[in-house]
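In what follows, a structure is listed as structure tokens, so that the remarks can point back to it.
No lab work stands behind these numbers, since they all come straight from the coordinates. Only a predicted model underlies this, so the values are computations on that prediction, with no experimental measurement involved. Quick reminder, even Gly has a Cβ in these numbers, built from the backbone with ideal geometry, and neighbours come from all protein chains shown.
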Amino acid sequence: MKLKILFYVMTCSALLRPELSAQAQETLPGYALARRFTPENAEQLLFTHTLTPHYFRNSVKFWYEYKTSEGKNWYVVDPEAAAKRPLFDLDELAAQITETVKDPFTAQQLPVDNLSLEDDDRTFSFEIASSTKTFYFSYDYTTRSLTERDKKPEAGERWGNVSPDKQRVVYAKDLNLYYMSYADFEKLQSDPKDSLVAETPLTADGVEHFAFGMPRNRLNTDTLYDHKRKAVQGYWSPEGRYFVATLTDNRGVNDLWVVNSVAKPRPTLETYKYQMPGEEASPVVHLYIFDLEDNSRTEIKTECFKDQTLSIAGKPKDHDKDPSVWLGDKAKLFLTRTSRDMKRVDICAYTLGEDSIKAIINERLNTYVETRPLAATDNAGELIHWSERDGWAHLYLYDAAGNLKNRITKGSWHVDKIQHIDSKGRVVYFVANGREDGDATPYYEHLYRVNFDGSGLKLVTPGNYFHLTDMDKYGRFVVDNYSRVDTIPVTALYNNRGVRIMTLEESDFSQLTLAGYRFPEPFTVKAADGVTDLYGVMYKPFDFDSTRLYPVINYVYPGPQQEGTPYRYTPMNPRTDRLAQAGFIVVCTGHRGGHPSRSKWYHNYGYGNLRDYPLADHKAAIEQLCRQHNYMDINRVGIHGHSGGGFMSTAAMLLYPDFFKVAVSCAGNHDNNIYNRSWSEKHHGVKESVDAEGNVSFGIKVPANQDVARNLKGHLLLIHSEIDNNVHPANTILMVNELIKAGKRFDMLIIPNQRHHFENYNEYFYWRMIDYFSEHLLGERETETNIKGLHLGNWFQGYQD
């Protein structure tokens with residue numbers, strides 16, 4: 001049966017302009033170039049651009065998969081021997097597989113799928129889909145011997161939280177917490193229907209919205225008591241006796257709903273808890289510790305701030321099969337406690353046997369405190385803490401009691417995260433940016449090493465690039481994927497002192513270049529204050545003609561948790577590269593109040609002004625670029641964004657209506673008073689008040705786009721998904737209501753049965769966006785009812801939320 005897909009389009013514009021009808025049967029040049037780089041075509045043009053190392057369990061070796069125009073290959077790297085060799089003899093493997101499955105294959109066309117290394121560090125398992133069935137194989141890479149298996153090797157159920165000593169497994173079922181022996185868990189891997197396993201309840205009081213395994217979203221037809229085992233987040237003590245977890249009581253939080261109108265046989269209602277900014281009814285977080293020796297549960301006292309949040313610190317995992325273990329020792333663990341206004345953060349410790357947690361490190365700011373995962377030495381005798389207390393993000397060394405021993409890093413640059421800690425050598429490896437004078441932008445990340453006492457700071461991954469790094473669990477070697485937006489990605493292997501061992505790969509751009517691809521161009525401009533440097537990227541049509549005058553489209557995302565501007569190579573994005581091919585200059589740029597990887601001042605510039613803060617900088621950036629480049633038309637400027645970018649692009653049309661002429665605004669949180677509490681209250685600010693009786697309340701009022709709907713002059717297309725449970729469709733409907741009341745013409749598209757990022761209807765959205773900008777900035781667009789070359793599919797690779 002064919003599924004008939006219905007799109008709802010509300011058009012409040014007049015009829016199409018007469019001059020457009022003449023183009024109804026023509027393929028416009030911009031459309032033809034845009035079609036050359038559809039997702040289906042791009043798969044044949046761009047191959048692997050980022051190498052992902054898969055580490056052996058018990059050595060520094062790793063394997064990886066890499067595809068070029070010659071096909072796909074797999075390699076094993078031994079960093080100690082500075083050696084790389086193919087995992088397979090592909091010609092031999094193709095012959096063996098052909099003989100087994102009776103379908104012909106060649107070395108270039110082997111459909112190896114779900115490749116994984118087993119715990120013995122020598123046996124690889126994979127699948128081959130033939131024309132009749134799926135075959136399962138094991139491959140010993142040391143002997144190069146291939147063996148067919150009768151069935152797929154068991155990967156283990158994902159619902160089990162396994163203890164470090166592999167004695168117990170914790171999980172949720174029917175709103176409560178349970179455990180079983182690891183032996184019984186293994187039985188269920190081979191026979192999921194085995195009814196003879198022993199299950200021990202750890203709780204019996206789970207209720208709807210205050211229970212382990214409670215789903216976030218629920219259809220009105222769902223049952224909560226389905227007897228299915230579900231994963232539960234929590235951490236084990238190092239020896240495996242205790243299990244600690246937080247549990248959130250959402251019973252008082254208000255419900256929100258979305259309706260799927262195209263569900264069969266009737267529309268369905270989906271209900272979920274969703275707290276909006278300033279609302280009194282708030283989640284309440286509880287901290288429990290379970291003793292698996294006597295099956296007891298103890299609630300630990302944590303109260304300090306009203307509506308606080310808690311986050312347990314976990315030990316970093318070296319492998320995805322590693323158990324979840326708390327950061328600390330067998331008697332002590334650590335966690336982070338944050339006030340609702342996020343101006344107060346405590347690093348806390350809990351010692352077994354005590355009834356409450358204890359704050360050991362305090363962070364306070366007048367805006368909001370950012371956090372990163374706490375780190376510790378092997379014996380948890382010392383802590384390494386990330387803080388922006390002096391206006392820049394840096395590392396500080398504390399003892400386990402919270403006494404500051406020394407700061408580790410300092411300066412006008414940003415530490416992003418800790419990559420590895422060498423407790424014996426007393427060295428911390430970390431990712432940072434903004435320190436190297438030779439970098440084109442302060443956003444290029446590098447790996448560094450430094451001694452615990454702050455001495456011996458050394459750059460490990462040099463070069464004027466963005467370095468995406470990975471280290472083995474021993475901290476001895478570094479896999480470095482480095483690139484810029486205007487360079488071909490390269491992957492190199494370094495040792496932990498910054499000595500380059502070998503180049504592993506360089507991405508194959510041969511087919512992409514033959515198709516006409518050209519790199520985007522980085523640029524630097526000044527913010528509206530005339531002082532602050534802003535860094536951006538310009539995308540041109542691949543058939544760019546410097547004698548032509550092009551409309552400009554500003555692709556935006558306000559953050560403040562990030563900016564919509566990439567700094568390392570990313571595959572072609574329909575909102576930037578592909579949009580430019582239709583005949584536009586597309587620009588992305590940062591703005592004050594954006595990227596968190598600069599100073600705290602830069603990041604918090606928009607605090608208290610969540611709607612307006614980025615707009616002046618984008619207008620100023622485009623004005624400077626148009627003065628510098630005579631092929632950019634300042635009189636034809638459009639703007640586009642998704643989510644926060646949808647909010648921002650509409651705001652630009654309303655606050656600078658004589659500058660921005662056209663906008664395509666997708667999934668916009670146009671009214672942040674009804675967006676989620678944590679994002680709006682954090683980035684705009686919420687006021688905590690205490691009355692004479694000591695009662696605490698919270699107040700917030702964020703300027704909304706609909707407040708200035710009367711200012712609209714240009715062409716605005718609003719797009720939203722019907723079952724968006726991130727940015728609720730009410731955000732757009734409120735905007736629509738005020739536009740109608742103001743008597744404004746605008747356009748609207750509702751995407752049915754899709755979530756926040758439009759998922760499978762992205763290609764339809766893309767061509768409607770091309771239509772809209774082409775019509776209103778170029779004066780022509782394709783007008784046939786059927787969109788040529790449309791294939792529904794999910795291409796979303798956004799760097800926006």
Using the Cα centre as the reference, give the magnitude of the dipole from point charges on the C-beta atoms of segment 585-700 (Lys, Arg: +1; Asp, Glu: -1; all else neutral), rounded to the nearest 20 debye. 420 debye
Sorted on mean Cβ neighbours within 10 Å (highest first), peptides 714-726, 110-122, 433-445 come out as 714-726, 433-445, 110-122
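Given the Cα atoms of segment 404-472, and with Rh set as the inverse mean 1/r over their pairs in the Kirkwood sense, what is Rg to Rh to two decimals? Walk me through the numbers before you get to the answer.
Numbers: Rg = 11.9 Å, Rh = 12.4 Å.
Reported Rg/Rh (Cα atoms, Kirkwood Rh): 0.96.
Does segment 346-435 classify as rounded, prolate or oblate by the C-alpha gyration tensor (a ≥ b ≥ c root eigenvalues; a/c under 1.5 gives rounded; else a/b over b/c gives prolate, otherwise oblate)?
Working: a/c = 2.31, a/b = 1.27, b/c = 1.82.
Here segment 346-435 falls in the oblate category.
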Give me the dipole magnitude in Debye, nearest 20, for the chain about the Cα centre, with unit charges on the beta carbon: positive for Lys and Arg, negative for Asp and Glu. 1340 debye
Cut-off 17 Å, label 7 Å out along Cα→Cβ of residue 149, residues of segment 301-334 by amide N: 321
What is the sum of charges around residue 731, taking Lys and Arg as +1, Asp and Glu as -1, for the other residues whose C-beta is under 14 Å from the C-beta of residue 731? -4
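Ranking request for peptides 619-631, 551-563: highest mean number of other beta-carbon atoms within 10 Å first, then the rest in descending order. Write out the running numbers ahead of the final one.
On the way: 619-631: 16.6, 551-563: 25.5.
Highest to lowest by the protection proxy: 551-563, 619-631.
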Quick one: Debye curve from the alpha-carbon atoms of segment 92-149 only, equal weights, vacuum; give me log10 I(q)/I(0) at q = 0.24, 0.25 Å⁻¹ to two decimals. -0.99, -1.06
Segment residue 27-residue 690, extension gain: residue separation times 0.36 nm, minus the distance between their alpha carbons: 232.2 nm
FRET efficiency for residue 437 and residue 634, Cβ-Cβ distance as r, R0 = 25 Å, nearest 0.05? 0.15
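Applying 1/(1 + (r/R0)^6) with R0 = 30 Å to the Cβ-Cβ distance of residue 271 and residue 697, what FRET efficiency is obtained, to the nearest 0.05?
Numbers: r = 27 Å, r/R0 = 0.90.
That gives a FRET efficiency of 0.65.
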If you find the alpha carbon centre of segment 241-309 and of segment 646-719, how far apart are they in angstrom? 27 Å
Radius of gyration and Dmax over the Cα atoms of segment 245-395, both given in Å: 19.0, 61
Please tell me which of these pairs span more than 22 angstrom C-alpha to C-alpha: 682/741; 540/619; 317/424; 61/321; 661/744? 682/741
Take the Cα of residue 403, step 7 Å along the line toward its Cβ, and report every residue of segment 329-368 whose backbone nitrogen sits under 14 Å from that point. none
Rounded to the nearest Å, what's the spacing between the alpha carbon centres of segment 537-614 and segment 126-187? Just the number, please. 44 Å
The simple spin-label model distance between residue 464 and residue 281, using points 7 Å out along Cα→Cβ, in nm, is 5.7 nm
For the chain, the charge dipole (Cβ of Lys, Arg +1; Cβ of Asp, Glu -1; about the Cα centre) points to a positive end, and the Cα of 516, 672, 76 closest to that extreme belongs to 672
Residues of segment 659-703 with amide nitrogen under 17 Å from the 7 Å Cα-to-Cβ point of residue 733? 667-676
Quick check: residue separation of residue 486 and residue 426 times 0.36 nm, minus the Cα distance between them. What number comes out in nm? 17.8 nm
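Please report, in cubic angstrom per residue, the volume enclosed by the convex hull of the alpha-carbon atoms of segment 448-571. Please list the in-between numbers first.
Numbers: hull volume 22.3 nm³, N = 124.
Taking the convex hull of the Cα positions in segment 448-571, it is 180 Å³ per residue.
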Of 504-512, 670-678, ordering from highest average Cβ density within 10 Å down gives 670-678, 504-512
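Where Lys and Arg each count +1 and Asp and Glu each count -1, what net charge lies around residue 532 among other residues with Cβ under 10 Å from its Cβ?
On the way: positive: 526, 592, 598; negative: 529, 533, 617.
With Lys, Arg at +1 and Asp, Glu at -1, the net is 0.
Can you give the extra length, in nm with one decimal, that the chain gains between residue 140 and residue 412 once fully stretched, where that is 0.36 nm per residue apart less the Cα-Cα distance?
Details: separation 272, 0.36 × 272 = 97.92 nm, distance 5.09 nm.
The span from residue 140 to residue 412 would gain 92.8 nm if fully extended.
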Nitroxide proxy distance, nm - points 7 Å out along Cα→Cβ at residue 81 and residue 200: 4.7 nm
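So, R0 is 25 Å and r is the distance between the beta-carbons of residue 513 and residue 476; what FRET efficiency does that work out to, to 0.05?
Details: r = 37 Å, r/R0 = 1.47.
Calculated value: 0.10.
How large is the helix-only mean residue ellipticity at 222 nm for the chain, computed as the sum of -39500 (n - 2.57) over DSSP H runs with n ≥ 4, divided by its residue count, in deg cm²/dmol to the nearest 500? All intermediate terms of the calculation are to be shown ahead of the outcome.
Working: 13 runs with 107 residues, N = 801.
The helix-only estimate for the chain comes to -3500 deg cm²/dmol at 222 nm.
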P(r) of segment 649-734 over all Cα-Cα pairs, binned every 5 Å from zero, in whole percent: 3, 14, 20, 19, 16, 12, 7, 5, 3, 2, 0
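Share of Cα-Cα pairs in segment 519-675 beyond 29 Å, in percent? Spell out each step's value before the answer.
Numbers: 1344 of 12246 pairs.
Cα-Cα pairs in segment 519-675 separated by more than 29 Å: 11 percent.
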Computed log₁₀ I(q)/I(0) - Debye formula, equal Cα scatterers, no solvent, the chain, q 0.06, 0.07, 0.08, 0.09 Å⁻¹: -0.44, -0.61, -0.82, -1.07
Spin-label point model (7 Å from Cα, Cβ direction): what's the residue 678 to residue 390 distance in nm? 3.0 nm
If you line up the Cα atoms of segment 164-316 on their principal axes, what length do they span on each, largest first, in Å? 47, 46, 30
